[in-house]
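Each remark here refers to the structure printed beneath this line.
The values are calculated or read from the model by the stated rules, or taken from the named source; none is laboratory data. Values in this document were obtained by computation on a predicted structure and should not be read as measured data. FYI the Cβ positions are ideal-geometry reconstructions off the backbone, even for glycines, and counts take in every protein chain you see.
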Amino acid sequence: MRRYINTSNLSLMLKPATTFLTSLPLVVLPAVAAGAGVETGITGVGPALIIFTLAGALLLTLIFRSSANHAARVITARIGQRRIRKALEKRSPDVLHDFILPGAYGGLVKVNHAILTAGGILCIQTKHYNGIVFGGADEAQWTNVDGAKRRRFLNPIIQNEGRSRALQQVVPDVPVANLVIFTGSVDFTSAPPKNVIHVRDLESFVAKYVFGPSKVKDWDAVWLSVKAAALTDADSRKDLQAQVTFT
């Protein structure tokens, strides 16, 4: 198994706080149980109350742990998104984030990021996962294993190909490349495809990426066309949400 991404410093910093918060019910359990024994007596309802208290504490611990883990995931995902935005905006002034386009095959698609670089446009989709990710470039679904959790998700390369084609429809004479960026702490069981990278490699990837030949002369006009086609209004977002919900 090829180690692809090291555990983030932020995750390590959040782990002690998460562990403390999720163990609070068990921390207070001995005091509660002791109080129950004194008040009711060991031969009365004390044992039953202690068992009930223990079960309640364990349930609360599971709930707290789930909530804390979810909060930590949301925080690190948002930080990853900000990191992507910062890296893109450092490379080019022509960047768009979270916009909607008419789909290449009907409906609407949401593009996470698009950046105009020398020679073409990078159409970017982002994914945030921890643990192990495996799946081939041509497989319909990939798999993420994070501890005891196992989930399947759509192949982000194939998923973003539809978005890239939607962008290509707007500027048919401009090279458009499909790029998937992972944030989080991820292991790949084998080397990922060349257009799947971690956010830490984004700046160098953009700087070195070479598009195919292009006859475009007015790149300002190209980007104006993309901005004009981008849908960012509330109605379009509602239509996209309705489409996602329906499917």
Positions within the stretch 132-153 being assigned to a strand (DSSP E or B) and either over 13 Å from the mean Cα position of the chain (by Cα) or surrounded by 21 or more Cβ atoms within 10 Å (Cβ to Cβ) (or both), in sequence order: Ile132, Val133, Phe134, Gln141, Trp142, Thr143, Val145, Asp146, Lys149, Arg150, Arg151, Arg152
Leading residue by the ranking (surrounded by the most Cβ atoms within 10 Å (Cβ to Cβ)) among those in the stretch 158-179 that are within 14 Å of Leu101 (Cβ to Cβ) and touching a Cys at 6+ places or on another chain (Cβ under 7 Å): Leu167
Condition met for Asp173 (of a type outside the set (Val, Ile, Thr), touching a Ser or Thr at 6+ places or on another chain (Cβ under 8 Å) and either closer than 19 Å to Gln241 by Cα or in the same structural domain as Asp233 (by TED's automatic domain parsing) (or both)): yes
Checklist (1) in a helix (DSSP H, G or I); (2) closer than 20 Å to Thr117 by Cβ applied to Gln159, failing item: (2)
Every pair of residues 6+ apart whose Cβ atoms lie under 9 Å, when the first sits in the stretch 187-212 and is of a type in the set (D, E, K, R) while the second is in a loop (DSSP other than H, G, I, E, B) and modelled with pLDDT under 90: Asp187/Met1; Asp187/Arg3; Asp187/Tyr4; Asp187/Ile5; Arg200/Ile5
Lone unmet requirement of (1) surrounded by 20 or more Cβ atoms within 10 Å (Cβ to Cβ); (2) outside the structural domain of Lys215 (by TED's automatic domain parsing); (3) charged (D, E, K, R) for Arg82: (1)
Members of the stretch 93-112 that are in contact (Cβ under 8 Å) with a residue 60 or more places away in the chain and closer than 19 Å to Ala221 by Cα: Asp94, Leu96, Phe99, Leu101
Flag for Asp201 being at pLDDT 90 or above and closer than 27 Å to Asp173 by Cβ: no
Of all residues making up the stretch 114-131, the number that are surrounded by fewer than 20 Cβ atoms within 10 Å (Cβ to Cβ) and either outside the structural domain of Leu96 (by TED's automatic domain parsing) or small (Gly, Ala, Ser) (or both): 3
Some residue of the stretch 70-90 being touching a Pro at 6+ places or on another chain (Cβ under 8 Å), more than 23 Å from Leu240 (Cβ to Cβ) and either modelled with pLDDT under 60 or outside any loop (DSSP other than H, G, I, E, B) (or both): no
Which listed residue is among the aliphatic types (A, V, I, L, M) and surrounded by fewer than 16 Cβ atoms within 10 Å (Cβ to Cβ), from Ala230, Ala221: Ala221
